[in-house]
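A short write-up of the structure that comes next.
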């Protein structure tokens, strides 16, 4: 699914397993590109905590995620979304369940979880950067900026 600059969704939600790395990255990138033009939120299938490496690699591209609070599908305040982008299989399952009670599209962008990488701090940061950059490219391809 690729949108045109004239036909962007009004509200997009990104979801991943714990709302601590992938979906907050996507939320931050989307908000940095579109500001308030598109309502953007993110959630996780399970409860998670703020991930310091995610905050660090997002700061490298000028996006402050230090105040992000991980939340789950159950903690959503608003469930009106035109599109849900699932970034993990578990999140996709939860997103599809949501479509039973609301009309919206769900797409699946299977995205690597960089938290499973072991090694030096720099190797781990590189994995986070790769995921960040892949998400950014996918967003820019799917949601063209005017």
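FYI, it's all coordinate maths here, none of it is from the lab. Nothing here was measured: the structure is a model prediction, and the numbers come from that model. Here the Cβ is made from the backbone with ideal geometry for all residues, glycine too, and neighbour counts use every protein chain on show.
Of note:
- log10 of Debye I(q)/I(0), alpha-carbon scatterers only, for segment 1-58 at 0.18, 0.20 Å⁻¹: -0.64, -0.75
- In the elastic network of the chain, a GNM with C-alpha springs shorter than 10 Å, the most mobile of 132, 22, 124 is 124.
- Between 123, 92, 134, the Gaussian network model of the chain with springs among Cα atoms under 10 angstrom shows the greatest mean-square fluctuation at 123.
- Taking every Cα-Cα distance in segment 76-123 and sorting them into 10 Å bins from zero, the calculated P(r) comes out as 24, 40, 20, 13, 2 percent.
- Rounded if a/c under 1.5, otherwise prolate or oblate - segment 17-146, Cα gyration tensor axes: prolate
- Spin-label pair residue 96/residue 76, simplified geometry with 7 Å Cα→Cβ offset, distance in nm: 1.6
- Distance between modelled label sites at residue 133 and residue 107, nm, 7 Å Cα→Cβ extension: 2.2
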